[in-house]
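These notes concern the structure reproduced below.
The values are calculated or read from the model by the stated rules, or taken from the named source; none is laboratory data. Here the structure is a predicted model, which means the values were calculated and not measured. When we count neighbours, we look across all protein chains shown, and the Cβ atoms used for this are built from the backbone with ideal geometry, even at glycine.
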Amino acid sequence: MSCREAQELLHGYADGELDLVRNLEMERHFRECPACASDYERLRRMREAMSGSVPYFQPPAGLERRLRSRLRAAAPAKRSIHWQWAAIAAALVLTVAGVWRVALMSRHPDSVEILAAEAVSSHVRSLMAAHLTDVPSSDRHTVKPWFSGKLDFSPTVGDFPSQGFTLAGGRLDYLDGRPVAALVYQRRQHVINLFVWPAPGRLNSETSTTDRQGYHVLHWTKAHMNYWAVSDLNGRELTEFAELVRKTG
Ligand SMILES: [Zn+2]
């Protein structure tokens, strides 16, 4: 620390307004620099002398009473103070409600985006890890009961061989922070993962489509259930598949 800096901070140091690091720097400078140290000593003694000799002011008798009555006259009535507080409280409630609504509205697209990404990575993982199914079966009367005891809901399992979508089996997966049913379908050489889990309180929605990393992702809710279909199948045929599932769900 230079002498100039020390001089600038001298009053702040004397008033105890500096942060810890600055305080330590000042103390080190005073040890190394007798000139600044004696400046500080002079300032300190002057302040001490002033605080000791400042006269106390004795208020004239009756001043307190006169001040109080003036304050009472100037202050608005109690009732209007209450109304002011009520107005402030109401404004706060409205503000909080507004922020909450904005937060809810902006949260929704984000969570949908995150879920779409999760669904695609689950799909890719199922293809790579040679772990496409836990229960390989084209019989929905085998696949559906397999989930009971493993999930707290029972997914509707459809099979559409005459439309060219054949059931390949089922698998337990993990999406949206919970275990979900993954139903696996085959269309020619293409695999479709259909993820199903409960959506309590959610109304039926239109099917929304997104593309991610070369995969088509279809999402809808029906009868309080979430449906996410992921495949590298072309969009038209995957939409056809989604329509079939919607009819059975
Ligand atoms: Zn100095």
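Here are a few things to note about the model shown:
- Single unsatisfied condition, residue 170 versus (1) surrounded by fewer than 19 Cβ atoms within 10 Å (Cβ to Cβ); (2) under 20 Å from residue 220 (Cα atoms): (1)
- Number of positions in segment 188-209 that are over 23 Å from the mean Cα position of the chain (by Cα) and either surrounded by fewer than 17 Cβ atoms within 10 Å (Cβ to Cβ) or under 13 Å from residue 242 (Cα atoms) (or both): 15
- When residues of segment 18-44 are limited to those that are away from the ligand (no atom under 15 Å from the Cβ) and in a helix (DSSP H, G or I), the one surrounded by the most Cβ atoms within 10 Å (Cβ to Cβ): 23
- Residue in segment 178-197 that is in the same structural domain as residue 136 (by TED's automatic domain parsing), in a strand (DSSP E or B) and modelled with pLDDT under 95 present: yes
- One residue stands out in segment 45-92 among those that are modelled with pLDDT under 70 and β-branched (Val, Ile, Thr): the one that is surrounded by the most Cβ atoms within 10 Å (Cβ to Cβ), namely 81.
- Residues that are farther than 13 Å from residue 159 by Cα and in contact (Cβ under 8 Å) with a residue 24 or more places away in the chain, drawn from segment 229-249: 229, 230, 231, 232, 233, 235, 237, 238, 239, 240
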